[in-house]
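The next block holds one structure in the form of structure tokens; read it before the comments.
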Amino acid sequence: MLTGIVVQLIHMPEVSAYFADRNEKNNVLQVGDNTSTIEEKFDPPDTVTPDTTYNKTVSVRNQTDTPCYVRVFVEKDQSEIPLSIAFDTKHWTEKQADGYYYYRTVLEGKKKTEPLFTSVTTGKTEETFRILIYEETVQAQGFQTPEEAFASIRGEQESGV
């Protein structure tokens, strides 16, 4: 009888291995897609008239379902031309040290920002000019502020932008 117990103890690892279980799960992770476009309403005049206000509305549309943060760079092509743009500082930050205006809230999927500006006023000039507009978006998930989100894609910590 003692021999039978010893034999059972010797074969116990085989028995426990027989009852072992293994489970594997494959996790599919999908990166959110964010695509955005500049939406502009502007009828360019044939000629520039001094001291005139022109309606020009600039917004950004999120084309996807992924919530994102938005920033926009705005610059005139000739710095010496007198030009005034009244930027919306309620929904957007003032121009930051990096040259961008940041939308203050998350832009939900398929939505459009409030306009960054709605008009441009010329000074004492009749020269033709261009306003250059460039926009960027980054997924909002995992970030508390637009500055934090954009700093992350540069590999930086939020710098108080």
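Taken together, the values in this text are just the output of simple stated rules run on the coordinates, not laboratory data. Note that the structure is a prediction, hence the values are computed from the model and not measured. Positions of Cβ are generated from backbone atoms using ideal geometry, with glycine treated the same way; all protein chains shown enter the neighbour counts.
When only Cα pairs below 8 angstrom with a gap of at least 6 residues are kept, the range 36-153 shows a relative contact order of 38 percent.
In a simple Cβ point-charge model (Lys, Arg +1; Asp, Glu -1; nothing else charged), the range 36-153 has a dipole of about 340 debye relative to its Cα centre.
Dipole orientation for the range 36-153: of the candidates F143, T53, S84, F143 has the Cα lying most toward the positive pole (charges on Cβ; Lys, Arg +1; Asp, Glu -1). The ranking of Y134, Y100 by Cβ neighbour count inside 10 Å, starting from the fewest, reads Y134, Y100. Cβ crowding within 10 Å ranks E24, E127 as E24, E127, fewest other Cβ atoms first. Within the same chain, lysines fewer than 8 places from K124 are excluded, and of the rest, those with a Cα less than 25 Å from its Cα are K41, K56, K76, K95.
Figure legend: label point modelled 7 angstrom from the Cα of K76 along Cα→Cβ; residues of the range 128-144 with amide N under 18 Å from it are 128-134.
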